[in-house]
Structure formats: structure tokens, C-alpha cells
Amino acid sequence: MNSETEIRTRSPRKLSWDVIRVLAVYSVVVQHVTHQSPINHAELGPYPFVLPLQFGASTLLVISAFFICVTIRRGETGKWLRNRLARLLPAYLLAVVITYGVSRAVAPAFGWYVPNVTDLAANLLLVQAWSPTFHWIDASYWTLPVQVMAFFAAALLWPRRWTRGGALPWLLWSLVVVPLVIRFVWRDDVDAAQWIRSVFDGLALHRVALFGVGIAIWLWTRDRFSGKHLAAYLVAVLVAQDAHSRFADTWSTVAFGVILAGIVAAAGGPDWDIPGLRQLATPIRWLGGISFGVYLVHQELGFVLARFLLDVGVGAWGRLVACVAMAVVLGWAMTRLVEQPCHRWLTGDMLLRARVAGNAVVEAIRDLPQVPATPDDLPRQTRRVNPAAADPLTPLPQWAMATSQLR
């Protein structure tokens, strides 16, 4: 039983987490359709309204960090890491290939940038942020390298009991302070050396504090962070995040702070089984369950769909509804046809059956009867000292008859 299944068995899935996940993911979808698409491709706007607040992706990273702490405690760390990567990477890699193929097919006609094989390789290897010569196949994929690095860091640190003792608060605060110092001392937007930019952007140092938030909230639920300490840490992270953007998007920071309060309530309080949400529990859980698939397919493919609809005269509301619907449908397909089957195959019964079948084949080969060597195969000196073997008329012993090919 993998760790995620074990957790679901021990405690029911809380509706509150799905509410936050749905709010985060679908705010990202609407924000990218109404706000980001006209920035990337001016012809795609305007829309009837614009959602400029950027907080959804950051929210997803905080949730990911919180559940890293929850799940890594159950079972062996190597299996946990395989479980996490099996859930994340197959769907991501396929989404990269599909988005690359679609972009290559339509970008020349639209006058958009045409990704090349180098871009494809960089995105598949999750190194697209390390060099300005690499282009993102889909800019929303910036969270994937960050999550993979977090998984490996957790798997490396957990066996060393990094969650015990007084070192952990210092580690969490360093995730806030150190990147901020690097950002304003060395990682200047104009004069910084390229290697500094590559390391800073490749490691996403301006976003690592988000994982500190998830860990801090988990520690608070375990009574290892006081409420005052948690509040101070959250405020510091919000100020640091706004500072990384040169205080140019403060309203997004405020919106992120509001949803952080919701995460704290979901983590430390009772489930949100209240009138209104209770009646919507089934669709909320369904939308939450396909959220990763939706995230993978909504942006660049949504831009392509919006451009096609614009060319045939579909209005702004029609394009908005169609892009959101496409994200839901393709996200469902990605979840049901790729993410879940690959996860089961790599971690569950299918892998176990493959191992059992392989072991059975090996045992069957070992149990095959051994054919005795012919006189010509024996060493020359053996043939000299065994005159019976040289005489074809000498009867074979009963055991040899039993294993003969003539049987």
C-alpha cells in the first residue's frame, strides 16, 4: 500500500483541501485566459473582464509542501519519492510533447514563436529556466522543476531527521532571507552575470519560501510552531515575495495572503462541511481530482484554441467559456488516461504483477531439465577414461533416459 492510499484509508479526504485546490487551479486558468493571453499575444484580447491576480500557482506549491510533510512520514523514503515522481512526471512529459507538437503545427501560421528541438529537450529535462537560449514550451510549467527539486530535497533530508531539533526554524527562515539577499545584492535585473541569473532562476530561489510556508503550517498543526511564530513567518514570506517583484504586484500578494489564511484554516481546523459547500461536494471533489491535469493543458493550448476561435469570429465570452471547458475536458483526459494509469503501473498492482511474472519466468527457466553433454562435448581426457561412453551400444542408465531429448 503506497503512502497516499494509506492516508486516505486512515482519514477521509477533507473537502476543504479540494475547495482551495479548485480555487487555486481555476483562478490560474481564468487569469491566464483573460490577463496573460493578451500580454503574450495582443490579438487575443480584450475579454469581458480581467483577473490580474496571480496567486494560484503559489498556492499549489504551498499545498504541495504541506502534503510532502504529511506523506513522507509514512513508509520508506525511496518508495515515497518514486510515488511522487510517478504521479507527476508521466503526465508532464506527455503534456510537453503534445504542446510542442501543436505549437510547431500552428505557430508559423499565427506568427508566434516556433519552438525547436532544443526547447523540447530542455523542457523534458526540466532545465528550461537555466539558460536564456531555452524557451518554455508552456510558461505555466515553471512550477514543475520546483516541485521535483522539492521532492528530491525532502527525500534527501528526511532520513537525516531534519525535522527534529532547533535547526528546522533556522532552515525555514533561511528560505526567506537568503534568496532575498541574493536578489538585491547579486541578482540584479540589468547587470547580473549570466551564471548568477541561471542559478537563481534555475533553482527558483525567489519561490523556495513557498515550500517553507507549507512546512511551517504543518509544524503548527503538530504544535511545533506557535501561532505567533507562524503568523510572523507568513507575513515575512508575503513581504519577501512582493519584494522579489519589486513591489509591482502588491494586490496579488494580498490575494495570496487571503488564501494562505484559508490554507491555515483547512490544515488546523475542522472540515468545511457546511451548507452550500456540502451540496457541491461531488463536483468540487471531481474538479479537485483533475486539477493537475487541468494545470498541464490549460495555457498554451488555450491560447491556440482562443486564436482559432478569434479567426472564425467567436466573441470574447465564447472564447473564455470554450477555453475553460477545454481545460476541464483535456485535464480530465490527462488525469484518467495518463496520470492515474501510469501511477498505478509504476507504483501499484501492475508493477507487482510484472515483478511476479518476471520471477516466475526466471524460476521456470531454472527448473528446465538439464540435457547431459554428448561425448563430443566432454573433455578429451574424460572420453579416454570412460570407455562405456565411447561405446554406442552400452545401455544408458535409467536417470539418463529420464532426461534425454528422446523422452
Anything in the range 212-229 that is crowded, with 19+ Cβ neighbours inside 10 Å and in a helix (DSSP H, G or I)? List them, or say none.
Gly212, Val213, Gly214, Ile215, Ala216, Ile217, Trp218, Leu219, Trp220
Looking at (1) open to solvent by less than 40 Å² (accessible area, probe 1.4 Å); (2) under 21 Å from the mean Cα position of the chain (by Cα), can you tell me which one Thr253 breaks?
(2)
Flag for Gly202 being more than 12 Å from Leu175 (Cα to Cα), among the small types (Gly, Ala, Ser) and out of contact with any Lys or Arg (no Cβ under 9 Å at 6 or more places or on another chain)
yes
Some residue of the range 293-308 being open to solvent by 70 Å² or more (accessible area, probe 1.4 Å), more than 25 Å from the chain's Cα centre (by Cα) and at negative phi:
yes
Residue within the range 231-243 that is of a type outside the set (Lys, Arg) and closer than 30 Å to Val329 by Cβ present:
no
Count of residues meeting criterion [surrounded by 13 or more Cβ atoms within 10 Å (Cβ to Cβ) and either free of Cβ contacts under 8 Å to residues at least 60 places away in the same chain or in a loop (DSSP other than H, G, I, E, B) (or both)] in the range 148-165
5
Might you check whether a residue that is over 17 Å from the mean Cα position of the chain (by Cα) and at pLDDT below 95 occurs anywhere in the range 327-338?
no
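Does Gly262 satisfy the condition of being in a loop (DSSP other than H, G, I, E, B) and within 22 Å of Ser27 (Cβ to Cβ)?
Against the criterion (in a loop (DSSP other than H, G, I, E, B) and within 22 Å of Ser27 (Cβ to Cβ)), Gly262 does not qualify.
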Those residues of the range 267-283 that are modelled with pLDDT under 90 and open to solvent by 60 Å² or more (accessible area, probe 1.4 Å) come to a total of 4
Ala122 vs. criteria part of a helix (DSSP H, G or I) and surrounded by 16 or more Cβ atoms within 10 Å (Cβ to Cβ)
yes
Qualifying residue in the range 130-147 (condition: surrounded by 13 or more Cβ atoms within 10 Å (Cβ to Cβ), of a type in the set (D, E, K, R) and outside any helix (DSSP H, G or I)):
yes
Which condition from (1) surrounded by fewer than 20 Cβ atoms within 10 Å (Cβ to Cβ); (2) farther than 30 Å from Val235 by Cα is the one that Ala327 breaks?
(1)
Every residue from the range 291-338 that is in contact with a Gly (Cβ under 6 Å, 6 or more places away or on another chain) and not aliphatic (A, V, I, L, M):
Gly293, Cys323, Gly331, Thr335
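The values are calculated or read from the model by the stated rules, or taken from the named source; none is laboratory data. Quick caveat, the model's predicted, so the values are computed rather than measured. Quick reminder, even Gly has a Cβ in these numbers, built from the backbone with ideal geometry, and neighbours come from all protein chains shown. The accessibility values were calculated without ligands, DNA or RNA, using every heavy atom of the protein model including side chains. Shrake-Rupley method; radii C 1.70, N 1.55, O 1.52, S 1.80 Å.
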